[in-house]
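Trainee: If you scroll down you'll find the structure; I have some questions about it.
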Amino acid sequence: MIATARETDAPVLVPARPIGTLPDAWRACVGTGRTREVLHADYRDSLEVVQDEIGFGATRAHGILHDDMGLVQPYDAAGFAGVRYGFAYVDLVIDTWLEAGLDPFLELGFMPAALASGDQTVFWWKGNVTPPRDHDAWAALVRALLRHLVDRYGIERVRTWPVEVWNEPNLETFWQGADEAAYHRLYAATARAVKDVDADIQVGGPAISPGSDDWLPRFADFVARDGAPCDFVSKHAYTTGPAQHVPFGVHQTLRPPQHLLEQFATPRDLLAGTALADLPVHITEFSSSYRPDNPIHDTAYQAAYLAPVLARGGEHVASFSYWTLCDVFEEVGIPTAPLHGGFGLLGHRQLRKPAFHLYSFMARLGSDVLASGEDHLVTRHADGRISALLWQPLDGSTTAERGHRVRLALPGAGSAVVVERHVDAERGNVRTAWQAMGSPLAPDHRATADLHDASAPAVRVSRVHAVDGVWHVSADLGRHGIALVEVTGSRDENPAWLTEDRLLGHADPTG
């Protein structure tokens, strides 16, 4: 279906006094995919770009205990048997994150083969999803990992790294039989092992996927009965329906973006009055689609769709982590195209998607919130500059036929410079440019450079003069558009004699 967006509406009357502050929950954490992928050069290049232009606080990845990290290495020789823990790759990964200004949000999984009770795996890279044969051996691994991290990085730093127990145990895909009692046993053994290392290291769960919120109150009841430590609650949020598979991709229906905010709010509602009430809530994965091959991720629609979520998610949770930072991601195999519907904010070779620009626009907002509505978030910086994130409201079931206009009445005096940055279905859109090229599977260096140029937001600079203490600014968003509008008080320093009507040397009209 196609919707016709409004062209003009009454201006947003922006007050001079703040109505609140903008929480940092939107960039407190970002997803990484599989831990081993951090060692990929394209990932590290993407990490540098993301941190330079956005600046996330932490990252969460699957598979830190997976066998490809070499952590658990059993031996049996010459009458000696035991386990050697190898931390070389773990150290390389965490050093990479720390050097980029990211702390780890430690998701513990999946099961090392030497400890596993079965052979069920998930993903192309075969993460084992069975419980441990011996929970004491599992607990010993958890203690060994955390003690090593404390020795290497210091207890004060490690105390700030949340430890999440497993990933989506409510799904048979990720936890054998989706056995809730078995997960509770794993959680208790893990949480106690964490606290054995240091009582102030944060531990939590249950990291459930959407549609299983009934796990939350039962998890709270278990923690209360068992006395297992719990410092935070985690879950995931997505809004897509079942996958409609096509070769090298899927399509899915979407619910309205407000449904994500409702999912963010669910834990507080369900846990009220329980042992876990008032604990921090972390959304450790969120996006539109839960599939790594849905083209929605690469579109301007994704950016405008998620804009109200970034603007308001911090009202409900301590963090909400976009899944993921980049398209170095191999859950369903190695991607075959530079843009393939991957989860990432960045495509391969750091191609900036519209969702990346949504985050980079958010990073340029001020801390004081002046106004917030269905299509805008207006903020002010400490130096008085006004920055506004604008977007076309989308409902998840219709596409727009045309763009969207937002009119702002901002408090100000004198003249100001207005800088608009636009990303939409045509402008600043790497996917549109790639499709115009014929969707090459392996663009050459020149084509890749052209894609980088095409991904840059369109910029418009203008001046505005206050009328009765108000700067009137009108921004015309393109179809499925987002925009960053920055307004800075600025006097005009152009000499009066340098006029456009004399550009070609005509006589002075005043002379």
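Laboratory data are not the source of any read-out in this text; all were calculated from the coordinates shown. Since this is a predicted model, take the numbers as computed values, not measurements. Note: ideal-geometry Cβ built from the backbone for every residue, glycine included; neighbour counts use all protein chains shown.
Trainee: What do you get for Rg/Rh over segment 279-433 if you use C-alpha atoms and the Kirkwood form of Rh?
Mentor: 0.99
Trainee: Same structure again: To check my understanding: the extent here is largest minus smallest coordinate of the Cα atoms along each principal axis. What are those three numbers for segment 263-360, in Å, largest first?
Mentor: 49, 27, 17
Trainee: Now for a different question. Return a whole-number percent for the relative contact order of segment 374-442, with Cα pairs under 8 Å and 6 or more residues apart as the contact set. Kindly include the intermediate steps, with their values, before the conclusion.
Mentor: On the way: 33 pairs, mean separation 11.4, N = 69.
Relative contact order, segment 374-442: 17 percent.
Trainee: As I understand it, the dipole of the chain uses +1 on the Cβ of Lys and Arg and -1 on the Cβ of Asp and Glu, about the Cα centre. Which of 112, 332, 400 lies farthest toward its positive end?
Mentor: 400
Trainee: Report the Cα centroid-to-centroid distance between segment 114-186 and segment 395-432 in angstrom, as an integer.
Mentor: Result: 45 Å between the Cα centres.
Trainee: Here is a follow-up. Assigning unit charges at the beta carbon (Lys, Arg +1; Asp, Glu -1) and nothing else, what dipole magnitude in debye, to the nearest 20, does segment 1-158 show about its Cα centre?
Mentor: Working: 14 positive and 22 negative charges, 81 e Å.
In debye, rounded to 20, segment 1-158 gives about 380.
Trainee: A further question on this structure: Once the Cα atoms of helix 300-312 and of the chain are each reduced to a long axis, what angle between those two axes, in degrees from 0 to 90 to the nearest 10, is obtained?
Mentor: So the helix axis and the longest Cα principal axis differ by about 80 degrees.
Trainee: Just from its helices, what would the mean residue ellipticity at 222 nm be for the chain, if runs of 4 or more DSSP H residues each count -39500 (n - 2.57) and the sum is divided by every residue, rounded to the nearest 500 deg cm²/dmol? Write down the numbers at each step before the final one.
Mentor: Details: 11 runs with 131 residues, N = 511.
My calculation for the chain gives -8000 deg cm²/dmol from helical runs alone.
Trainee: Another one. Treating the angle as unsigned and between 0 and 90°, give the value, to the nearest 10°, between the Cα long axis of helix 41-53 and the longest Cα principal axis of the chain.
Mentor: 50
Trainee: How big is the convex hull of the Cα atoms of segment 201-249, per residue, in Å³? Working shown, then result.
Mentor: Values: hull volume 5.1 nm³, N = 49.
Dividing the Cα hull volume of segment 201-249 by its residues yields 103 Å³.
Trainee: Sticking with this structure for a sec: Calculate I(q)/I(0) for segment 219-305 by the Debye formula, one identical point scatterer on each C-alpha and no solvent, and give its log10 at q = 0.24 Å⁻¹ to two decimals.
Mentor: Log10 I(q)/I(0), no solvent term: -1.12.
Trainee: Above 16 angstrom, tally the Cα pairs of segment 165-260 and express them as a % of all pairs, no decimals. Spell out each step's value before the answer.
Mentor: Values: 2801 of 4560 pairs.
The proportion of pairs with Cα distances above 16 Å equals 61 percent.
Trainee: In addition: Can you give the relative contact order of the chain as a percent, counting alpha carbon pairs under 8 Å and 6+ residues apart?
Mentor: Working: 1139 pairs, mean separation 86.9, N = 511.
Value for the chain: 17 percent.
Trainee: Quick one: work out the % antiparallel among DSSP beta bridges in the chain, nearest 5.
Mentor: Numbers: 57 of 87 bridges.
Of all bridge pairs located within the chain, approximately 65 percent are antiparallel.
Trainee: Using alpha carbon coordinates only, what is the Rg to Rh ratio of segment 3-92, with Rh defined as the Kirkwood radius?
Mentor: On the way: Rg = 23.7 Å, Rh = 18.1 Å.
On the Cα set of segment 3-92, Rg over Rh gives 1.31.
Trainee: Now for a different question. Relative contact order, percent, of segment 256-375 when contacts are C-alpha pairs under 8 Å separated by at least 6 residues? List each step's numbers first, then the result.
Mentor: On the way: 150 pairs, mean separation 33.3, N = 120.
Reported as a whole number, the value is 28 percent.
Trainee: How large is log10 I(q)/I(0) at q = 0.05, 0.11 Å⁻¹ when the Debye formula is applied to the Cα atoms of the chain, each weighted equally and without solvent?
Mentor: One equal scatterer on each Cα of the chain leads to -0.22, -0.96.
Trainee: If you take every residue apart from residue 270 with its C-beta less than 14 Å away from the C-beta of residue 270, what net charge results, scoring Lys and Arg +1 and Asp and Glu -1?
Mentor: Numbers: positive: 218, 235, 268; negative: 213, 214, 221, 262, 269, 278.
Net local charge, residue 270 excluded: -3.
Trainee: Here's a follow-up. Using only Cα atoms, what is the ratio of the radius of gyration of segment 441-511 to 2.2 N^0.38 Å? Please list the in-between numbers first.
Mentor: Working: Rg = 20.2 Å, N = 71, 2.2 N^0.38 = 11.1 Å.
The reported ratio for this selection is 1.81.
Trainee: Still on this model: Picking from 10, 90, 59, whose Cα lies most toward the positive end of the charge dipole for segment 1-114 (charges on Cβ: Lys, Arg +1; Asp, Glu -1)?
Mentor: 10
Trainee: Given a Förster distance of 51 Å, report the FRET efficiency between residue 19 and residue 77 from their Cβ-Cβ distance, rounded to the nearest 0.05. All intermediate terms of the calculation are to be shown ahead of the outcome.
Mentor: Values: r = 68 Å, r/R0 = 1.34.
With R0 = 51 Å, the Cβ-Cβ based efficiency is 0.15.
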